[in-house]
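The values are calculated or read from the model by the stated rules, or taken from the named source; none is laboratory data. In this text, all values refer to a predicted model and were calculated from it rather than measured experimentally. Glycine also receives a Cβ, built like all others from the backbone with ideal geometry; neighbour counts cover every protein chain displayed. What goes into the accessible areas is simple: the full protein's heavy atoms, side chains included, and nothing from ligands, DNA or RNA. Shrake-Rupley method; radii C 1.70, N 1.55, O 1.52, S 1.80 Å.
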Amino acid sequence: MEIESMVANSALVRAREGGGSKGRSWKWKEMLRFPHISQCTNLAMNIEPDYYSLCMKQPIGKKLFQLFCRSRPDLQNYMSFLDALDTFEEKSDIERREFGISIIQRFLMSQSGQCVPTGPRHEQSCSQSLELDPCGDVFRDCREELHQHLSGEPFVQYQESMFFDRFLQWKTLERKPISKQRFRQYRLLGKGGFGEVWACQVRATGMMYACKKLEKTHVKKRQGEAMALNEKQLLEGLDSRFVVSLAYAYETKHSLCMVLTMMSGGDLRFHISNIGAPGLERDRVCFYAAEVCCGLIHLHQTSILYRDLKPENILLDDNGHIRISDLGLAVRLSEGSLVRGRVGTLGYMAPEVIGHEHYGMSADWWGLGCLIYEMTAGQPPFRARGDHPSASEMERKIQTQREEYSDKFSKEAKDLCTSLLTKDPKQRLGCRGSQWGEVQSHPFFQKINFRMLEAGLVNPPFKPDPRHVYCSDVQDIEEFSSVKGVTLNQTDNSFYSKFNTGSVPITWQNEMIETGCFRELNIFGPAGTRSPDLDW
Ligand code: ADP
Ligand code: MG
Ligand code: MG
């Protein structure tokens, strides 16, 4: 390895180790200084009083609302009940029954000192559903009623409290314009169609991210405006542990930047091809396939067809969980509608995509088949190692040829791939009557507990080494060529301003909480002082 690469890698490894408080700038408190509450009045007038968004969805909003509720003696039991319900979701299958019973005894039984007002009405039905299936959503009705109650008078009072003033202060910080000065930049991680992806770190919080830069001249030359905006807008609407999150969208003189969840474990292409013999061990294939499956289902449930499933686009985080990334080709389908368009990467395109037909979510299940095949065999289904078929040859194979299975495939793996790589989308697994349910219940996933997987409670079979950098050496990543003869004008600027929307609320607020900045800064003045105009 060349010296330049070693220096770039060790700088990145050091930044990652110091991620969080050690990576903060010494001026971090000044950077995150709360504005005076009088500077938040405009925001206060324009904020939608939506309980779900303000007190449940937004992480800082949720925390401040809970702090408010805890300051009220009459809401103590509700809050302890909510805490217990959160803990219940983190219990493994075998612990759920016992913990569920303790919740019922504490909060739903009238003889308990902590019983919540509506508790006794639910005692019997909750006991029954717990008995029937401890892994089901046992307390759904109770939880809904609880939020119903909190969204009434308590929510109104909250908006009059100093806790809500503080929320407005955080929101004002969140909405400050973003420029590249907010970040330190580390090494190049990868190259894409419109630009490069770099490791970066937020100066104020120490949080590590990956910055995907789209070069303005490239975007213009190849008319990629709609595609860039589409990717950014789809990402900002998503919130899934199996899809990368967008934290910031901003522009510089030369590029449009999307700041994304840092995926330190590299992409699956690197793991399949660059570490040991091509392919991955069976339990890794099964685990990644199951997580990708959850990610796809999440996208499909929000009506998004992904269309670009391939190893390069599946990334590993530092614990070894995967996330789907690169939504450049994804589309939102309106209820039950289909699309047409030959997009994707040829080797991974479904027959119906190649054949110019109308298609729906079926294309992604084909993609999952290709991915599982490649993780197992070490090469994609319709292309042998060292083979360089022409495009038309490739198309013919995908549409007519049956893929071959070596003895690396278990019986279940072969059966799953065969079912997903069914040429006719109507016959394909995942696309028939019960849709994705069929995929998750396939014998290949027998050992996977999807409830626990979706709650992030399953340990990955492989954990990336925190001292290793899982991508090609910097000098081996081809340099991004520059385009000449493209001039940017006023029309371009109006598109850039649609892209340049700054922080994405949920991700930004999570950053403040995860890095400890929220806890360290969220101090209140003497009890009862409504206007927090002290120097925080
Ligand atoms: P394109 O849309 O041009 O294909 P991608 O979003 O797929 O660009 O990014 C290109 C490459 O950069 C990926 O294959 C991956 O190796 C790397 N990369 C992208 N996003 C991240 C991330 N969030 N963390 C780490 N590496 C990333
Ligand atoms: Mg990509
Ligand atoms: Mg892309």
Residues (under 17 Å from residue 239 (Cβ atoms), away from ligand 3 (no atom under 13 Å from the Cβ) and open to solvent by 10 Å² or more (accessible area, probe 1.4 Å)) located in segment 316-354: 317, 321, 323, 332
Members of segment 305-360 that are away from ligand 2 (no atom under 13 Å from the Cβ) and of a type in the set (Ser, Thr, Tyr): 334, 337, 359
Selection count, segment 51-74, where residues are outside any helix (DSSP H, G or I) and farther than 13 Å from residue 505 by Cβ: 2
Filtered residues of segment 267-279 (kept if open to solvent by 20 Å² or more (accessible area, probe 1.4 Å) and in contact (Cβ under 8 Å) with a residue 40 or more places away in the chain): 267, 269, 270, 273, 274, 277, 278
Residues of segment 89-116 satisfying the condition of being of a type outside the set (S, T, N, Q), in a loop (DSSP other than H, G, I, E, B), touching a residue at least 24 places away in the same chain (Cβ under 8 Å) and surrounded by 15 or more Cβ atoms within 10 Å (Cβ to Cβ): 115, 116
Residues that are within 20 Å of residue 383 (Cα to Cα) and part of a loop (DSSP other than H, G, I, E, B), drawn from segment 406-448: 406, 407, 408, 409, 421, 422, 423
Top-ranked residue in segment 284-310 [being within 14 Å of residue 269 (Cβ to Cβ) and either in a loop (DSSP other than H, G, I, E, B) or within 14 Å of ligand 3 (Cβ to nearest atom) (or both); ranked as most open to solvent (accessible area, probe 1.4 Å)]: 310
Identity of the residue in segment 373-405, among the basic types (Lys, Arg) and not in a helix (DSSP H, G or I), that ends up nearest to residue 337 (Cα to Cα): 402
Residues that are of a type in the set (A, V, I, L, M), buried (at least 16 other Cβ atoms within 10 Å of the Cβ) and in a helix (DSSP H, G or I), drawn from segment 117-143: 130
From 153, 196, 236, residue being within 20 Å of the chain's Cα centre (by Cα) and of a type in the set (Asp, Glu): 236
One residue from 347, 355 being closer than 20 Å to residue 400 by Cα, more than 15 Å from ligand 1 (Cβ to nearest atom) and in contact with a helix residue (DSSP H, G or I) (Cβ under 8 Å, 6 or more places away or on another chain): 355
Residue 220 being under 23 Å from residue 489 (Cα atoms), of a type in the set (Lys, Arg), in contact (Cβ under 8 Å) with a residue 60 or more places away in the chain and part of a helix (DSSP H, G or I): yes
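Here's the yes/no breakdown for (1) within 12 Å of ligand 1 (Cβ to nearest atom); (2) in a loop (DSSP other than H, G, I, E, B); (3) at pLDDT 95 or above; (4) on the phi > 0 side of the Ramachandran plot:
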{"position": "315", "(1), (2), (3), (4)": "yes, no, yes, no"}
{"position": "320", "(1), (2), (3), (4)": "no, yes, yes, yes"}
{"position": "323", "(1), (2), (3), (4)": "yes, no, yes, no"}
{"position": "327", "(1), (2), (3), (4)": "yes, yes, yes, no"}
{"position": "334", "(1), (2), (3), (4)": "no, yes, no, no"}
{"position": "337", "(1), (2), (3), (4)": "no, yes, no, no"}
{"position": "342", "(1), (2), (3), (4)": "no, yes, no, no"}
{"position": "366", "(1), (2), (3), (4)": "no, no, yes, no"}
{"position": "371", "(1), (2), (3), (4)": "no, no, yes, no"}
Residue that is closer than 29 Å to residue 280 by Cα, away from ligand 1 (no atom under 11 Å from the Cβ) and touching a residue at least 40 places away in the same chain (Cβ under 8 Å), where the choices are 264, 240: 240
Among the residues listed as 238, 229, the single one being aliphatic (A, V, I, L, M), open to solvent by 10 Å² or more (accessible area, probe 1.4 Å), closer than 19 Å to residue 498 by Cα and part of a loop (DSSP other than H, G, I, E, B): 238
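To keep it simple, each residue is scored yes or no on (1) within 14 Å of ligand 3 (Cβ to nearest atom); (2) more than 18 Å from residue 267 (Cα to Cα); (3) among the basic types (Lys, Arg); (4) touching a strand residue (DSSP E or B) at 6+ places or on another chain (Cβ under 7 Å).
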residue	(1), (2), (3), (4)
195	yes, no, no, yes
201	no, yes, no, yes
204	no, yes, no, no
226	yes, yes, no, no
232	yes, yes, yes, yes
Number of the condition not met by residue 147 [criteria: (1) within 16 Å of ligand 3 (Cβ to nearest atom); (2) in contact (Cβ under 8 Å) with a residue 40 or more places away in the chain]: (1)
Sole residue being in contact (Cβ under 8 Å) with a residue 40 or more places away in the chain and farther than 22 Å from residue 291 by Cα, chosen from 519, 451, 467, 428: 467
Pairs where the first residue, in segment 29-55, is of a type in the set (Lys, Arg) and the second is in a helix (DSSP H, G or I), C-beta under 8 Å, 6+ apart: 29/521
Residue within segment 184-200 that is modelled with pLDDT of 95 or more, open to solvent by less than 20 Å² (accessible area, probe 1.4 Å) and part of a strand (DSSP E or B) present: yes
